[in-house]
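Peer 1: Starting off with a structure, shown below.
The values are calculated or read from the model by the stated rules, or taken from the named source; none is laboratory data. The shown structure was predicted, so the numbers you read here are calculated from the model rather than taken from an experiment. Here the Cβ positions follow ideal geometry from the backbone for every residue, glycine too, while neighbour counts run over all protein chains shown. Surface areas here come from the heavy atoms of the whole protein model, side chains and all, with no ligands, DNA or RNA. Shrake-Rupley method; radii C 1.70, N 1.55, O 1.52, S 1.80 Å.
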Amino acid sequence: MTVAAPVDNPPQARLREDAMGRLHWHGDDGQWCGPVTPVRAFPIQAPHGEVALVGTHGHEVAYLATLDGLSADDRALLLQHLQRHAFLPRITRLVEVSSFATPSTWTVDTDRGRTRFVLKGEEDIRRIAPGVLLVQDAYGVQYLIRDPHTLDHHSRRLLDRFM
């Protein structure tokens, strides 16, 4: 198994979308390969950083250490596909919690709208970095709280009951 070498500055590298909306990569070897799926290397700590392009068999086709070497059109297309495949809503406000014992139903506002989910246990709230929490609901959907201290007073009070 060979691993693709990092592409620090891919001047001739290009991306295109086929008729089915799948992304294809034109590598330094002059060949088109695809479809590929873009995957962020560090989606929480560095969401605008390194990206791997993964082929249909799960193998890395290319690794982009930076997106600066891509043209504006290629970068926009890549970011569009990343947005399509990434689902990590960010909690902006805790509206209500059904109970301070788990399991409990949480109603929250996120950057994608209001939602309700069931928190099975307090262990489903994890601190993954300084000032970053990851909340997982009963179905495995994860929600991000980027900086709990920036939440409003009511939200912080509700969250503190579970921490």
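Peer 1: Enumerate the calculated ³J(HN,Hα) couplings along the stretch 57-67 in order (Karplus 6.51 cos²θ - 1.76 cosθ + 1.60, θ = phi - 60°), each rounded to whole Hz, writing x wherever the residue is Gly or Pro.
Peer 2: Going residue by residue, I get 9, x, 9, 6, 8, 8, 10, 9, 5, 8, 8 Hz, with x marking Gly and Pro.
Peer 1: Moving on to the next point. Return, ordered by residue number, the residues of the stretch 16-58 whose backbone nitrogen is under 15 Å from a label point located 7 Å along Cα→Cβ of LEU88.
Peer 2: 38-52
Peer 1: With the other protein chains left in place, how much accessible area per residue, in square angstrom, belongs to the stretch 14-85 at a 1.4 angstrom probe?
Peer 2: Result: 57 Å² of accessible area for each residue.
Peer 1: For helix 72-85, what angle does its Cα long axis make with the longest principal axis of the chain, in degrees from 0 to 90 and rounded to 10?
Peer 2: 40
Peer 1: How much length is gained on full extension from LYS120 to ALA41, taking 0.36 nm per residue of separation minus their Cα-Cα distance?
Peer 2: Going from the current span to full extension adds 25.6 nm.
Peer 1: Can you list residues whose amide H is under 5 Å from SER104's amide H, if they're 5+ apart or on another chain and H is modeled 1.01 Å from N?
Peer 2: Long-range HN contacts for SER104: LEU119.
Peer 1: For the chain, what size does the Cα cloud have along each of its three principal axes, sorted from largest down, in whole Å?
Peer 2: Taking max minus min along each principal axis of the Cα atoms, the chain gives 59, 30, 27 Å.
Peer 1: Express in nm, to one decimal, how much length is gained between ALA72 and VAL132 on full extension, taking 0.36 nm for each residue of separation and deducting their alpha carbon distance.
Peer 2: Going from the current span to full extension adds 18.5 nm.
Peer 1: Rank GLY34, ALA19, GLY121 by how far each Cα sits towards the positive end of the charge dipole of the chain (+1 on Lys, Arg Cβ; -1 on Asp, Glu Cβ) and give me just the farthest.
Peer 2: The listed residue farthest towards the positive side: GLY121.
Peer 1: Skip the ligands, DNA and RNA, and give the accessible area per residue of the stretch 91-160 with a 1.4 Å probe, whole Å².
Peer 2: Counting only protein heavy atoms, the per-residue value for the stretch 91-160 is 56 Å².
Peer 1: With a/c under 1.5 counting as rounded, go ahead and sort the stretch 14-85 into rounded, prolate or oblate using the C-alpha gyration tensor (a ≥ b ≥ c being the square roots of the eigenvalues; past the cut-off, prolate if a/b is larger than b/c, else oblate).
Peer 2: Rounded, because the longest to shortest axis ratio a/c is under 1.5.
Peer 1: P(r) tail for the stretch 91-160, what percent of Cα pairs lie past 21 Å?
Peer 2: 12
Peer 1: Out of the total accessible area of the stretch 91-160 (probe 1.4 Å, heavy atoms of protein only), what percent is carbon and sulfur?
Peer 2: Of all accessible area on the stretch 91-160, carbon and sulfur atoms account for 48 percent.
Peer 1: Can I ask one more? Search the structure for amide H atoms under 5 Å from the amide H of VAL61, placed 1.01 Å from N in the peptide plane, and list their residues when 5 or more places away or on another chain.
Peer 2: LEU53, VAL54, GLY55
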